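**Student:** My structure is below; once you've seen it, I'll send some questions.
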2 protein chains.
Amino acid sequence: MTVAKKMQEFADNSSWIRKMFERGAGMKAEFGAENVFDFSLGNPDVAPPKKFFEVLADLVEGDTPGMHAYMPNGGYHYVREAVATQLSKEQGAEIGMGDVLMTCGAAGALNVVMKSLLNPDDEVIILSPFFVEYHFYVDNHGGAVKIVPTDDEFQFDLAAIEEALTEKTKAILINSPNNPTGQMYSAESLAALGALLDSTGEKFCTTIYLISDEPYRKIVFDGAKAPSIMATTTNSIVVSSYSKDLSLPGERIGYIAVHPEMHEKDLLLNAMTLANRILGFVNAPALMQRAVAELQEESVDASIYEQRREVFCKVLDEAGLEYVLPKGAFYLFPKTPIADDVEFCRLLQEEKILAVPGRGFGTPGHIRLAFCVDAEVIAKSADGFKRAVAKAKGK
Amino acid sequence: MTVAKKMQEFADNSSWIRKMFERGAGMKAEFGAENVFDFSLGNPDVAPPKKFFEVLADLVEGDTPGMHAYMPNGGYHYVREAVATQLSKEQGAEIGMGDVLMTCGAAGALNVVMKSLLNPDDEVIILSPFFVEYHFYVDNHGGAVKIVPTDDEFQFDLAAIEEALTEKTKAILINSPNNPTGQMYSAESLAALGALLDSTGEKFCTTIYLISDEPYRKIVFDGAKAPSIMATTTNSIVVSSYSKDLSLPGERIGYIAVHPEMHEKDLLLNAMTLANRILGFVNAPALMQRAVAELQEESVDASIYEQRREVFCKVLDEAGLEYVLPKGAFYLFPKTPIADDVEFCRLLQEEKILAVPGRGFGTPGHIRLAFCVDAEVIAKSADGFKRAVAKAKGK
């Protein structure tokens, strides 16, 4: 075999998910995309805010020499300044330009953080259900993932986390609002988590970082507000992107921010700047950096996703599927009526409904439904859901 | 220490180069940027072609839903088709859409290739003088670099390469036109290299890939043409970017192309598509993909760099510095009049001339001079070079 053994294994292991996607693509080709209910992809379909197009047109029109040239690996200073100003409001901390690095999306950001932190076999705790790529981001840089399940409401279990912490724990990676569950952690539980990490780090004479991946921060429902991570511990790192709140996932623009009072902060910032370069990102895309600098207060209209949630919940209620009401993001993670989530996905496919089996997120017996499609499409899928559930129960 | 030990070492080891850059920045602040002769950075200052701005404005004006959304990890099909068509002409091979992956620049591309190919401790041969980041790209993915020096003309030494090949050799990474030397390999010597890799692979029952990093392909002088890599062996991989020929380094847009007749090609393409995703690039920036699709025939005017080369050679001749005439790219790599290249850089700095010591490229006793500055600035540096050489010889 010519390719790396590990990559070959990864490709083989993920092939059953890919096959599902391929089957979906085949289905769209056969029946027409408009006749397939595709809830499988978290690809935002809500258009970017109007101001994005205005800013982009202005930037392109006012193009000046050097606007597409290299800049410092961490990003333009004025862009980082703009991000720091907005973040200071969101996090309730005095974040400076130097505490922020612009990155190639949140995925790029997480790779940079892991590369900078992990010694061989250092452990990173992630909570299930999890975004499956987290495993790769840790493994890419020689770390080991330790999975801790969440409770029935998909909230974290502090005692279980405490039990999982060891001398080798370098970080816990959380994602709130969460993909795939749509759940959010409260300020109180986050405070308790921060305190636990600090006291455990003290006990082991280590530092345990709280890494918060929060691209859905601005997509929250019922008038809620995502709590500050930086209020929980000085060993906190926020990673985010403009993929979801500005609907720009293809443009790969995001950032890392470290707690302004973090111990040995400059060491970490230097390492991350170097990692951004040597991992091949070099810098976040120049034009999009300039664009997001002017869009710090902007976001897609979260109420569009909230309305879709209502419609989807009605569909699931009528089909008799159980779920925990999402507090943000654009995912539902209902229980399947039979234990075999892959089989249930197959039954849904017979109804031209595409969903991802929960085992893809480390939690079998569930499916992930992304509401990145029109409310009308969601409503039309109702009968298909009912029939699939009936078939499942009839088995 | 909280950051990864390896990253801390990297940061420490590269700090003397960084200090030089910092000193340069300090110098510009003190004397004004226009009074400092900065030849240290390979940051193209020639503006992108006029058509780039037209295409970009058209794309932004004609923006349609989903234009900034996720697309296949390897890039838009029509973009890859456009790249494949142009590459087929350049490489004299029938390259299809499926043989091409769009990437976050050539640096991203090389990380993707290394991640896809390397098992732990697999060896990658690079030639000195080398682009220093190559070490990181190999090390990031668990590989080991083996350095083979080039000859006095900076051409590769086939016998030395043959001696360096082992059962663990996974690839040789070449860069032509070359950074830092400006040299280019001939079609004949490349053919001999391809044949050597093929026969050695056969002997060891392995595959040895020829990876060609060629972002300077279109910046060649004296009416020359960069030869085809794909003519040399079916185990060839071309990596490139639009950073230099379209002067867009900050936008991070490049590609990988594999030989259309490569053995187990699909395995490698699958692995690279997965690597592009899990390393956190996810995909190449969407808008810039669309832009370069329409700019396949475009390039900055290489004659601007060629004119600067003439001016710079005159400056070096007058100062009595020896060099090999660059055939492409925008670098000169002269010998230093004293063995200690760092000390000679210090003497140049006294004349407000910034250069990078050759040891940064694995070849002490030289300096790298990038001609990414106006010919006038180059001409004005003449007296400074003369004085620095005189001082060096007087020591």
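The values are calculated or read from the model by the stated rules, or taken from the named source; none is laboratory data. Bear in mind the structure is a predicted one, so any value in this text is a computation, not a measurement. Positions of Cβ are backbone-derived with ideal geometry, glycine not excepted, and every protein chain shown enters the neighbour counts. These area figures cover heavy atoms from the full protein model, side chains too; ligands, DNA and RNA do not enter into them. Shrake-Rupley method; radii C 1.70, N 1.55, O 1.52, S 1.80 Å.
**Student:** Quick test of your reading of the structure: A:ARG359 fulfils all but one of (1) modelled with pLDDT of 95 or more; (2) of a type outside the set (S, T, N, Q); (3) open to solvent by 10 Å² or more (accessible area, probe 1.4 Å). Name the failing condition by number.
**Tutor:** Going through the list (1) modelled with pLDDT of 95 or more; (2) of a type outside the set (S, T, N, Q); (3) open to solvent by 10 Å² or more (accessible area, probe 1.4 Å), A:ARG359 breaks only (1).
**Student:** Does the stretch B:165-186 include one or more residues that are assigned to a helix (DSSP H, G or I), open to solvent by 10 Å² or more (accessible area, probe 1.4 Å) and not β-branched (Val, Ile, Thr)?
**Tutor:** no
**Student:** Moving to a separate point now. Could you say whether any residue in the stretch B:333-345 is within 25 Å of B:GLY32 (Cβ to Cβ) and part of a strand (DSSP E or B)?
**Tutor:** No, because not a single residue in the stretch B:333-345 is within 25 Å of B:GLY32 (Cβ to Cβ) and part of a strand (DSSP E or B).
**Student:** Restricting to the stretch A:100-147, name every residue that is small (Gly, Ala, Ser) and not in a loop (DSSP other than H, G, I, E, B).
**Tutor:** Matches in the stretch A:100-147: A:GLY105, A:ALA106, A:ALA107, A:GLY108, A:ALA109, A:SER116, A:SER128, A:ALA144.
**Student:** Among the residues of the stretch B:68-100, what is the count of those that are aliphatic (A, V, I, L, M) and over 24 Å from B:LEU279 (Cβ atoms)?
**Tutor:** Total satisfying the criteria: 2.
**Student:** Go through the stretch B:291-312 and give me each residue that's closer than 18 Å to B:ALA355 by Cβ and out of contact with any Phe, Trp or Tyr (no Cβ under 7 Å at 6 or more places or on another chain).
**Tutor:** Across the stretch B:291-312, the qualifying residue is only B:VAL311.
**Student:** Kindly check whether there is at least one residue in the stretch B:149-164 that is of a type outside the set (Asp, Glu), within 14 Å of chain A (Cβ to nearest Cβ) and either under 30 Å from B:PRO326 (Cβ atoms) or in a strand (DSSP E or B) (or both).
**Tutor:** So far as the stretch B:149-164 goes, no, none of its residues is of a type outside the set (Asp, Glu), within 14 Å of chain A (Cβ to nearest Cβ) and either under 30 Å from B:PRO326 (Cβ atoms) or in a strand (DSSP E or B) (or both).
**Student:** Okay, next question. Quick check on the stretch A:86-95. Is at least one of its residues in contact (Cβ under 8 Å) with a residue 12 or more places away in the chain and farther than 23 Å from A:LYS225 by Cα?
**Tutor:** Looking for residues that are in contact (Cβ under 8 Å) with a residue 12 or more places away in the chain and farther than 23 Å from A:LYS225 by Cα, one finds none in the stretch A:86-95, hence no.
**Student:** Then there is this: Given the condition of a type in the set (D, E, K, R), open to solvent by less than 10 Å² (accessible area, probe 1.4 Å) and more than 14 Å from chain A (Cβ to nearest Cβ), answer yes or no: does some residue in the stretch B:309-325 qualify?
**Tutor:** yes
**Student:** Continuing with this model, one more query. Does A:LEU287 satisfy the criteria of being closer than 22 Å to A:VAL79 by Cα, within 9 Å of chain B (Cβ to nearest Cβ) and part of a helix (DSSP H, G or I)?
**Tutor:** Considered against the rule, which asks whether it is closer than 22 Å to A:VAL79 by Cα, within 9 Å of chain B (Cβ to nearest Cβ) and part of a helix (DSSP H, G or I), A:LEU287 comes out as yes.
**Student:** I've got another one for you. Here are the criteria: (1) open to solvent by less than 40 Å² (accessible area, probe 1.4 Å); (2) at negative phi. Tell me which single one A:ALA329 does not satisfy.
**Tutor:** (2)
**Student:** A:SER212 fails exactly one of the following numbered conditions: (1) in a loop (DSSP other than H, G, I, E, B); (2) small (Gly, Ala, Ser); (3) more than 10 Å from every other protein chain (Cβ to nearest Cβ); (4) open to solvent by less than 10 Å² (accessible area, probe 1.4 Å). What is the number of that condition?
**Tutor:** Failing condition for A:SER212: (1).
**Student:** Quick one: is A:ARG368 of a type in the set (D, E, K, R), in contact (Cβ under 8 Å) with a residue 12 or more places away in the chain and part of a strand (DSSP E or B)?
**Tutor:** The answer is yes for A:ARG368.
**Student:** Taking the stretch A:55-72 only, how many residues are more than 18 Å from A:SER243 (Cα to Cα) and either at the interface with chain B (Cβ under 7 Å from one of its Cβ atoms) or open to solvent by 70 Å² or more (accessible area, probe 1.4 Å) (or both)?
**Tutor:** The number of residues fulfilling the criteria is 11.
**Student:** Quick one: is A:SER40 open to solvent by less than 40 Å² (accessible area, probe 1.4 Å), closer than 25 Å to A:VAL138 by Cβ and polar (S, T, N, Q)?
**Tutor:** yes
**Student:** Scan the stretch B:80-114 residue by residue and report those that are of a type in the set (Lys, Arg) and buried (at least 24 other Cβ atoms within 10 Å of the Cβ).
**Tutor:** B:ARG80
**Student:** Between a first residue in the stretch B:306-325 that is closer than 17 Å to B:LEU348 by Cα and at pLDDT 95 or above and a second residue that is of a type in the set (Val, Ile, Thr) and part of a helix (DSSP H, G or I), which pairs have beta carbons less than 8 Å apart while being 6 or more apart in sequence or on different chains?
**Tutor:** B:PHE312/B:ILE378; B:VAL315/B:ILE378; B:ALA319/B:VAL389; B:GLY320/B:VAL389; B:LEU321/B:VAL389
**Student:** Residues of the stretch B:263-278 being more than 9 Å from chain A (Cβ to nearest Cβ), open to solvent by less than 70 Å² (accessible area, probe 1.4 Å) and more than 23 Å from the chain's Cα centre (by Cα), which ones?
**Tutor:** Once the filter is applied, which keeps residues that are more than 9 Å from chain A (Cβ to nearest Cβ), open to solvent by less than 70 Å² (accessible area, probe 1.4 Å) and more than 23 Å from the chain's Cα centre (by Cα), the stretch B:263-278 yields only B:LYS265.
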